[in-house]
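The values are calculated or read from the model by the stated rules, or taken from the named source; none is laboratory data. Keep in mind that this is a model prediction, so the values were computed, not measured. So basically every Cβ, Gly included, is an ideal-geometry build from the backbone, and we count neighbours across all protein chains shown.
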Amino acid sequence: MRSKSATPASPPSSAAKPFPQQAQYRAQAPLDLVHGDLCGPVTPATPGGRRYFLLMVDDATRFMWAVLLPTKDAAADAVKQVKAEAEKETGRELKVLRTNNGGEFTVGELA
């Protein structure tokens, strides 16, 4: 049986581009842009039975709000609560809430 000599692999034709070192857009003031995501279900649940959490991050200050939730259905009310508290505390209005368009954020109450 004859063996063929191995040839070095050629580089891929389209190499992946690296992630940018810095974001192209960064909010300049608090509440100009807030990122939000609902995570869960988490196992095990908290002693209070909460299996989800809502995480919201202000783009300008990197301040974070985390709210424990019993179900996904509670996400819309939690977003409204965090929004009201943040606006009251900063004296500014939330301009943009950026999410992954998950169903919990596209309900009629928030859309």
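State which residue pairs qualify: first residue among the charged types (D, E, K, R) and inside the range 68-85, second residue part of a helix (DSSP H, G or I) in any location, beta carbons under 9 Å apart, and separation of 6 or more residues or different chains.
The qualifying pairs are 72/103; 72/104; 73/104.
One residue is enough: does the range 38-48 have a residue meeting the conditions out of contact with any Ser or Thr (no Cβ under 6 Å at 6 or more places or on another chain), loosely packed, with under 13 Cβ neighbours inside 10 Å, at positive phi and at pLDDT 95 or above?
No - not one qualifying residue is present in the range 38-48.
Looking for whichever is free of Cβ contacts under 8 Å to residues at least 24 places away in the same chain and polar (S, T, N, Q) here; the options are 90, 43. Which one fits? Break it down stepwise before answering.
On the way: 90 fails: free of Cβ contacts under 8 Å to residues at least 24 places away in the same chain.
Result: 43 is the single residue among 90, 43 that is free of Cβ contacts under 8 Å to residues at least 24 places away in the same chain and polar (S, T, N, Q).
Say we look at the range 53-74 and pick out the residues that are assigned to a strand (DSSP E or B) and more than 12 Å from the chain's Cα centre (by Cα); which of these is farthest from residue 29 (Cα to Cα)?
The first filter runs over the range 53-74 and keeps only residues assigned to a strand (DSSP E or B), leaving 53-58, 64-69.
The next check asks that each one be more than 12 Å from the chain's Cα centre (by Cα); those that pass are 67-69.
Details: 67: 23, 68: 27, 69: 28 Å.
This residue is 69.
Mind listing whichever residues of the range 75-102 are over 24 Å from residue 25 (Cα atoms) and out of contact with any helix residue (DSSP H, G or I) (no Cβ under 8 Å at 6 or more places or on another chain)?
Here is the first cut: in the range 75-102, the ones over 24 Å from residue 25 (Cα atoms) are 75-78, 80-81, 84-85, 88-89.
Listed by number, the residues that qualify are 77, 78, 80, 81, 84, 85, 88, 89.
May I ask you to list the residues in the range 80-111 that are among the aliphatic types (A, V, I, L, M), outside any loop (DSSP other than H, G, I, E, B), at pLDDT 95 or above and surrounded by 12 or more Cβ atoms within 10 Å (Cβ to Cβ)?
Passing the criteria: 82, 86.
May I ask you to verify whether residue 30 is surrounded by 10 or more Cβ atoms within 10 Å (Cβ to Cβ) and of a type outside the set (D, E, K, R)? Break it down into steps so the answer makes sense when it comes.
Working: surrounded by 10 or more Cβ atoms within 10 Å (Cβ to Cβ): yes; of a type outside the set (D, E, K, R): yes.
Yes; evaluated as a whole, the condition is true for this residue.
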